[in-house]
Amino acid sequence: MKYKNIVILTGAGISAESGIDTFRAEGGLWENYPVEQVATPEGYAKDPDLVHHFYNLRRAALKTVTPNPAHEALAHLETGLVKSGGCLTLITQNVDDLHERGGSKDVIHMHGILTSMLCAVCEHRWEHYDDTQANMPCPACSVQNLCRPDIVWFGEMPYHMRRIESALAACDLFVSIGTSGAVYPAAGFVQMARGFNKATLELNLESSQGSHYFQENRLGPASSLVPQWVDEVLK
């Protein structure tokens, strides 16, 4: 294989084909909820009940969707690279669990995930798939009223940045799939990869804001582009 150590970043475009609305798209989930109210620490401090309600809706929506061929193809790529002595670092900006349900074993959720909760007191994290309430107790320290969705809100630092930077420095190829190229620091990963002299590829429905930074661009639905590209890599 030409590339054995690959870093992939996925954005909302890969999950949109499974039926998950993007908050930037017209008709997206966030249209009726100002970002300041449901995706900032200040919004949570002001109205935690509203924030829990919003994420309860999003968590419930996960039960109505399934992974698509793009998610499954990336899981196939992970298996193939590992068998050949390679490595796939899969980073997602998405807070859904479709990569895991599609078969991927190791996913870096840089913006958190809907199926996890976080205690603001002891920083304990735990899986949670049902509705949550503002007064729920932490299962580790039992403190009430300070448990929140394990989501990186606006103004907060994304998770796992050191691991991501190390992976970009060590990879042979960086691939961006279904991203807008508008949200930093993820939008800057392609420039970081280019700075490390790595090959870069964008797979997207339409050109992103950072398309000009990529050495190669392929346009089309992720459910078609990704399986085709994975087959090429694993030949």
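Within the set 192, 157, the sole residue that is closer than 28 Å to residue 59 by Cβ and of a type in the set (A, V, I, L, M, F, W, C) turns out to be 157. Selection over the range 73-127 of residues that are part of a loop (DSSP other than H, G, I, E, B), touching a helix residue (DSSP H, G or I) at 6+ places or on another chain (Cβ under 6 Å) and small (Gly, Ala, Ser) gives a count of 3.
Of the residues 129, 55, the single one that is closer than 26 Å to residue 146 by Cβ, aromatic (Phe, Trp, Tyr) and surrounded by 18 or more Cβ atoms within 10 Å (Cβ to Cβ) is 55. The single condition among (1) in contact with a Pro (Cβ under 9 Å, 6 or more places away or on another chain); (2) in the same structural domain as residue 36 (by TED's automatic domain parsing) that residue 123 does not meet is (1). Listed by first and then second residue, the pairs linking a residue in the range 130-148 that is under 10 Å from residue 52 (Cβ atoms) to a residue that is assigned to a loop (DSSP other than H, G, I, E, B), with Cβ atoms under 8 Å apart and 6 or more places separating them unless they lie on different chains, are 134/145; 135/145; 147/120; 147/132; 147/136; 147/138; 148/120. Return the residues of the range 180-209 that are crowded, with 16+ Cβ neighbours inside 10 Å, modelled with pLDDT under 95 and not hydrophobic (A, V, I, L, M, F, W, C); say none if nothing qualifies. If the condition is that a residue be crowded, with 16+ Cβ neighbours inside 10 Å, modelled with pLDDT under 95 and not hydrophobic (A, V, I, L, M, F, W, C), then 180, 181, 208 are the ones that fit.
When the range 137-173 is filtered for residues that are of a type in the set (A, V, I, L, M, F, W, C), more than 27 Å from residue 230 (Cα to Cα) and surrounded by fewer than 16 Cβ atoms within 10 Å (Cβ to Cβ), the ones remaining, listed by number, are 140, 141, 143, 154, 157. Residues of the range 98-111 that are over 19 Å from residue 166 (Cα atoms) and surrounded by 20 or more Cβ atoms within 10 Å (Cβ to Cβ): 98, 99, 102, 104.
The values are calculated or read from the model by the stated rules, or taken from the named source; none is laboratory data. All values derive from a computational prediction rather than experimental measurement. Every residue, glycine as well, gets a Cβ built from its backbone with ideal geometry; the counts of neighbours run over all protein chains shown.
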